[in-house]
Amino acid sequence: MNPFPNLLDNCLIDTKHVECAAILVSRSGDITAASKNFTLSPEEAEMFVDAFKHVNVTRQRGLNFQNKLYTCVRADKLSIYSKCEGHGLILVRTSLYVIIATYSKSMYPSICVEAVEKLADYLREKGK
């Protein structure tokens, strides 16, 4: 049984400060799990994985997602935080996965970031 849908719901969506979330396999870009009503195209999944390979470019250009340009607020080898008109896009990488989360205007970005980083820490502890 795939544990990732439950992790997304229990660790991220249930905070009420994560709008949508997904977990990708970092090598292939395959979608392991995604929250309800959150669809990623293969091109978007590839863009998220590639964003960590080209952090300097990501920092300068931002990320185009769902027809919006998200300005990069932070980008390093493990985390990318970006925002667009009160909405946010958070990417956090482990050795095996990339976690993607979004937040809306009515949500607190800091709680979204904290939840995603804690899930990434949990996966790192489990060797994932």
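The values are calculated or read from the model by the stated rules, or taken from the named source; none is laboratory data. Keep in mind the model is a prediction, meaning the values are calculated, not measured. Reconstructed Cβ throughout: ideal geometry from the backbone, glycine too, with neighbour counts over all protein chains shown. We work out accessible area using only protein heavy atoms, side chains counted, and drop any ligands, DNA or RNA first. Shrake-Rupley method; radii C 1.70, N 1.55, O 1.52, S 1.80 Å.
Okay, helix-only estimate at 222 nm for the chain: each DSSP H run of n ≥ 4 adds -39500 (n - 2.57), divide by all residues, round to 500 deg cm²/dmol; what do you get?
That calculation yields -9000 deg cm²/dmol at 222 nm.
Can you list the lysines whose alpha carbon is less than 18 Å from that of K77, not counting same-chain residues fewer than 8 positions off?
K53, K118, K128
Could you please state how large a percent of the accessible area of the chain is carbon and sulfur, counting protein chains only and using a 1.4 Å probe?
49
What's log10 of I(q)/I(0) for segment 23-65 at q = 0.18, 0.19, 0.28 Å⁻¹, Debye sum over Cα points only, no solvent?
With one equal scatterer per Cα and no solvent, log10 I(q)/I(0) is -0.53, -0.58, -1.01.
Counting pairs of alpha carbon atoms under 8 Å apart in space and at least six apart in sequence, what relative contact order in percent does the chain give?
Relative contact order of the chain: 25 percent.
Stokes-Einstein at 37 °C, 0.692 mPa s, Kirkwood radius from Cα pairs: D for the chain in µm² s⁻¹?
D = 231 µm²/s.
Would you kindly state how much longer the chain becomes between E114 and K128 on full extension, computed as 0.36 nm times their sequence separation minus their alpha carbon distance, in nm to one decimal?
3.2 nm is the gain from fully extending E114 to K128.
Quickly work out the V57-to-K16 label distance, labels modelled 7 Å from Cα along the C-beta direction, and quote it in nm with one decimal.
4.1
Tell me the per residue accessible area of the chain using a 1.4 Å probe; a whole number in Å² is fine.
Spelled out: the 1.4 Å probe surface of the chain, per residue, equals 56 Å².
Using a 1.4 angstrom probe on the protein heavy atoms only, line up Y97, Y122 by accessible area, largest first.
Y122, Y97
Only residues of segment 54-80 count here: report those whose backbone N is under 19 Å from the spot 7 Å along Cα→Cβ of T39, or say none.
Inside the label zone: 65-68.
Just grab the label-to-label distance for T71 and E46, each label 7 Å out from Cα along the Cβ direction, in nm (one decimal).
2.9
Size of the dipole of the chain about the Cα centre, Lys and Arg at +1 and Asp and Glu at -1 on the beta carbon, nothing else charged, in debye to 20?
For the chain, the charge dipole is close to 260 debye.
What whole-number distance in Å separates the alpha-carbon centres of segment 56-103 and segment 1-42?
If you average the Cα positions of each part, the centres end up 15 Å apart.
Which value, in debye to the nearest 20, gives the size of the charge dipole of segment 12-83 about its Cα centre, when Lys and Arg are +1 and Asp and Glu are -1 at the Cβ?
I would put it at about 300 debye.
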